[in-house]
Amino acid sequence: MALLKRHHISWAFIGIVTILLLLIGLSIKFFAWGRPTNQISDRSESIPTLYMHGYGAGARSSNGMIAYASNHQGAKKVLTARIDSSGHVTLSGDWPKGTRHPLIQVLQMDNTYYNYHVTSKWFYNLIILLQRRYHIRRYNTVSHSMGNITTMFYQVKYGHNIKLPKLNKQVNLAGHFDGIIGIDDKVNRNYFLQDGKPRYINSYYKYLLHHRNGYPSGVKILNIFGNLENGSNSDGDVTNISARSLKYLLRDKYMSYQEIEIKGKGGQHSQLHENSQVDRYIGHFLWGSNQ
């Protein structure tokens with residue numbers, strides 16, 4: 001009887017030890033699997049460049065710029081980010097470690113939606129996803145037309161948050177920061193006051209002025225706009241005053257600010273992103289003249 005008891009106690013002891021060992025093993029696996037994305041997807045040392053299209057546009061508006069950067073400037077498209085009408089972001093593609101100048105093409109599937117309070121939240125969803133999945137710390141933007149306003153609304157609302165990746169360089173193409181011809185602006189109506197502020201300001205510009213302190217410090221900006229040289233002082237859709245009003249908006253906020261005027265047919269609103277001269281300017285600004 002005593003022998004049976006001892007035998008029973010031995011098996012109970014072995015059972016307890018086995019369970020403890022299993023629990024320890026499961027705990028180790030849990031902590032290993034529960035960590036943020038491992039080093040295989042850590043791209044924290046990279047600075048990706050995000051391409052944002054304009055109203056009614058899509059991949060075509062940035063395909064040419066991305067191809068030029070890939071063929072002439074050592075860049076490589078790594079991801080496509082699709083944002084649906086609910087703000088959900090889907091990433092596709094492959095981002096190899098060590099990619100020199102990674103490019104991300106951003107596609108807003110509802111490409112005529114222009115409530116910038118909403119689309120800036122969609123952009124936030126994208127930044128958060130890139131941070132979680134790839135641990136990015138900094139990024140650049142290249143935005144055309146409506147894409148400029150989405151990214152600007154994002155920057156004044158979230159750009160100062162030190163827990164989020166920081167804007168490094170900002171390229172603006174045909175930015176209608178203070179109006180669009182035929183909607184809330186007129187040809188040759190607006191002008192700059194002595195302090196650089198536009199004489200007439202629209203509702204979006206007023207909002208951005210009110211919230212400009214949220215814009216991150218230390219950003220380098222390249223602002224490219226077109227002039228058809230037909231007397232309109234515009235690219236056909238955006239007046240030069242509207243495009244150049246960005247400088248007053250971000251005064252004392254940026255590290256550097258450059259303006260480039262593209263004259264003639266190549267400066268037409270939609271031709272700006274199909275212009276090899278513009279592509280060279282962007283590459284030089286983002287990655288240097290020899291890249």
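For the range 252-286, filtering for residues that are among the acidic types (D, E) and under 19 Å from the mean Cα position of the chain (by Cα) leaves 1.
Pairs are defined by a Cβ separation below 7 Å, a sequence spacing of at least 6 or placement on different chains, a first member in the range 244-258 that is touching a residue at least 12 places away in the same chain (Cβ under 8 Å), and a second member that is among the acidic types (D, E) and in a loop (DSSP other than H, G, I, E, B); the pairs so defined are S245/D178. Residues that are crowded, with 22+ Cβ neighbours inside 10 Å and part of a loop (DSSP other than H, G, I, E, B) within the range 117-143 comprise just one, I136. If only residues of the range 191-224 that are touching a strand residue (DSSP E or B) at 6+ places or on another chain (Cβ under 8 Å) and among the hydroxyl-bearing types (S, T, Y) are counted, the one that is nearest to L250 (Cα to Cα) is Y205. May I ask you to list pairs of residues, at least six apart or on different chains, whose Cβ atoms are under 8 Å apart, with the first in the range 193-205 being at negative phi and the second being among the hydrophobic types (A, V, I, L, M, F, W, C) and assigned to a loop (DSSP other than H, G, I, E, B)? Close Cβ pairs (under 8 Å, with a partner that is among the hydrophobic types (A, V, I, L, M, F, W, C) and assigned to a loop (DSSP other than H, G, I, E, B)) amount to R199/L193; Y204/F177; Y205/F177. So for the range 55-73 (the condition being modelled with pLDDT under 95, small (G, A, S) and exposed (fewer than 14 other Cβ atoms within 10 Å of the Cβ)), does at least one residue qualify? Looking for residues that are modelled with pLDDT under 95, small (G, A, S) and exposed (fewer than 14 other Cβ atoms within 10 Å of the Cβ), one finds none in the range 55-73, hence no.
Checking the range 89-111 against the condition returns no match, with no residue being within 28 Å of H211 (Cα to Cα), surrounded by fewer than 21 Cβ atoms within 10 Å (Cβ to Cβ) and among the hydroxyl-bearing types (S, T, Y). Residues in the range 164-201 that are surrounded by fewer than 20 Cβ atoms within 10 Å (Cβ to Cβ) and of a type in the set (S, T, N, Q): N168, N188, Q194.
The values are calculated or read from the model by the stated rules, or taken from the named source; none is laboratory data. In this text, all values refer to a predicted model and were calculated from it rather than measured experimentally. Positions of Cβ are generated from backbone atoms using ideal geometry, with glycine treated the same way; all protein chains shown enter the neighbour counts.
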